[in-house]
Structure formats: C-alpha cells, structure tokens
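> Dumping the structure here so I can ask a few things about it.
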Amino acid sequence: MGKLRSIFWIPLLAVFFAAPAWGSGTEHVVPILLYHRFGPVARDAMTVRTTVFAAQLEYLRSHGYRVVPLKEVVAYIRGIGPPPPPHSVVITADDGHQSVYTDLFPLVRRYHIPVTLFIYPSAISRASYALTWDELRTMHDSGLVDIQSHTYWHPNFRTEKKRLAPQAYAKFVAMQLERSKATLDKELGIKVDMLAWPYGIYDEGLMRDAAGAGYVAAFTMVRAPAGPADDVMALPRYLVTDQDAGKAFGRLLKTNSR
Ligand SMILES: [Zn+2]
C-alpha cells in the first residue's frame, strides 16, 4: 500500500515542479500611471506641466523605480508571464494630444523608458489638438512607444446606452471597439489588444464585448495599483495631476502593496 501511494505521488510532483517559478502565490501589484496632456502651465486638471513630468521621471530614476512595459504587467496578471521586478511602474497617456509628441516623447527618449498610448483614431490627423499618423509612426518606430485603443471616437457609453435602443447600442459598441482596433492596426502595422475605457466608464456587458472584440485587457481610472486580484478587463490606473510632485508623487508610488 505504501509503495502504491508513493507511485501515485510521482505524477503530482512532476506537475508541481513543472509549474512556472512565478506561481509561488505572492501577489505583485504595480502602479499604472495615467497622463493626458503636457504644457508650460497646468491650464486644466488633465494637464501636467512638462517640468513636473520631467521631475517625476527624475524621481523614478533616482529612487530606484523601474518603468516597465504595460504588456509585461498584463502578461503577469493574465498568468502567462513572470512577475514584474520590484519597484515597477507603468506609464500610459490617453487621448493622443499633440503634447504627447512635443513634450512627452522627447523625455521618453531621454530616459529611454517604455510608455503606452491609448488613442481614439477618429481624431488622428483631423483634430487640431491631436497627433498625426506620422507622429504616431515616428513614436512607434522608436521601439519605446506602444499604441493601443481608446475606442474609435471616445464616446460616453453611459449616455449612449440611455439614448439608443438596445440593438442600436450593441451595434454602436461593436463599432467603437472594432473600428478603433482595425484602424490602428492598418495605419501603424501593429496588433492592438488593449483598451482604455473612455471616461473610465465600463460595465459587465462592455467588458464581455471588449473581450469578444479581441481585447485581452482594459483599463479604468481608479486610484489603486493593478494586480492579479483585479479583473483584467477593468485594471486600475492612477490619474496623475500637476500636484503629484515631490513627496506627493512618492506617496502615490508607495501604495504598491495590498
Ligand atoms: Zn480619454
């Protein structure tokens, strides 16, 4: 009986040792920072002065933080990648404002850090405040800038759900999710698979629709670090403001434990 039992355990042990080393049970969480616009003055809540942003990057560098690609954190959260190194931080910027090219990109190159841009393609090369396709291509070619979807024209899904009949709303949602991805893929020769919810608005139905449209992760605006305990279709991000300088910025980063 004893012998039988030990034979029985051999395949179980094999399974245990074949499991990836990161399946140790420790949950790593990473702050994902969210920016929108940059400039000489903080004209609104969505603008961070370029000097403040530069100081934040210097803070990260001098305090031993490591800016890691969003994709790596998502792979970890999905259980298909190793945990990010300690003191990891992710940088993202939504909306494709012109200052992403003029102000963020030079600093991204200087510090050689990976960033992810969430873009709604309807504005690109059309709206005066927005980036052009050429600027997006230049940034993507640097190897430091990952480009992902922020729907096609940045709708308020809550308003649209009230305004439209159920069938029309379903069609509208599908268009926003699919056309954005298809346009970015075609214009930039990439494979978009992540989504930032416009205004941080999402619900169960939208999360299902996004997964069905080929997105593997989606992001909100909740001030918390992201980790495996979160729903991968509603991962939190910190909206960084112009006030998050010096010690306030340090406090924001120190919340990476649960
Ligand atoms: Zn947005």
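The values are calculated or read from the model by the stated rules, or taken from the named source; none is laboratory data. Being a predicted model, the structure only gives us computed values, none of them experimental. Note that we place each Cβ from the backbone using ideal geometry, even for glycine, and neighbour counts take in every protein chain shown. Heads up: the accessible areas ignore ligands, DNA and RNA and are worked out on the full protein's heavy atoms, side chains in. Shrake-Rupley method; radii C 1.70, N 1.55, O 1.52, S 1.80 Å.
> Can you name every residue in the range 34-45 that is within 15 Å of the ligand (Cβ to nearest atom), surrounded by 16 or more Cβ atoms within 10 Å (Cβ to Cβ) and farther than 17 Å from S128 by Cβ?
L34, Y35
> Kindly indicate whether any position in the range 201-209 is free of Cβ contacts under 8 Å to residues at least 60 places away in the same chain and under 30 Å from P106 (Cβ atoms).
no
> Can you name the residue in the range 186-197 that is in contact (Cβ under 8 Å) with a residue 24 or more places away in the chain and not aromatic (F, W, Y) and is also nearest to the ligand (Cβ to nearest atom) among such residues?
A196
> Return the residues of the range 180-189 that are open to solvent by 30 Å² or more (accessible area, probe 1.4 Å) and among the polar types (S, T, N, Q); say none if nothing qualifies.
T183
> I've got another one for you. Just checking, how many residues over the range 198-214 are away from the ligand (no atom under 16 Å from the Cβ) and open to solvent by less than 40 Å² (accessible area, probe 1.4 Å)?
Counting residues in the range 198-214 that are away from the ligand (no atom under 16 Å from the Cβ) and open to solvent by less than 40 Å² (accessible area, probe 1.4 Å) gives 4.
> Go through the range 50-70 and give me each residue that's more than 24 Å from V222 (Cβ to Cβ) and in contact with a Phe, Trp or Tyr (Cβ under 7 Å, 6 or more places away or on another chain).
T50, R61
> Would you check if there is a residue in the range 241-258 being assigned to a strand (DSSP E or B) and surrounded by 18 or more Cβ atoms within 10 Å (Cβ to Cβ)?
No, the range 241-258 contains no residue that is assigned to a strand (DSSP E or B) and surrounded by 18 or more Cβ atoms within 10 Å (Cβ to Cβ).
> Under 8 Å between Cβ atoms, which residue pairs at least 6 apart in sequence (or on different chains) link something in the range 50-72 that is closer than 17 Å to T92 by Cβ and open to solvent by 70 Å² or more (accessible area, probe 1.4 Å) with a partner that is of a type in the set (D, E, K, R) and outside any loop (DSSP other than H, G, I, E, B)?
Close Cβ pairs satisfying both conditions: K71/D146.
> Could I ask something else about it? Considering only residues of the range 90-119 that are among the β-branched types (V, I, T) and within 14 Å of the ligand (Cβ to nearest atom), which is farthest from V192 (Cα to Cα)?
So the residue we want is V100.
> From the list T183, T159, which one is within 16 Å of the ligand (Cβ to nearest atom) and β-branched (V, I, T)?
On inspection, the qualifying residue turns out to be T159.
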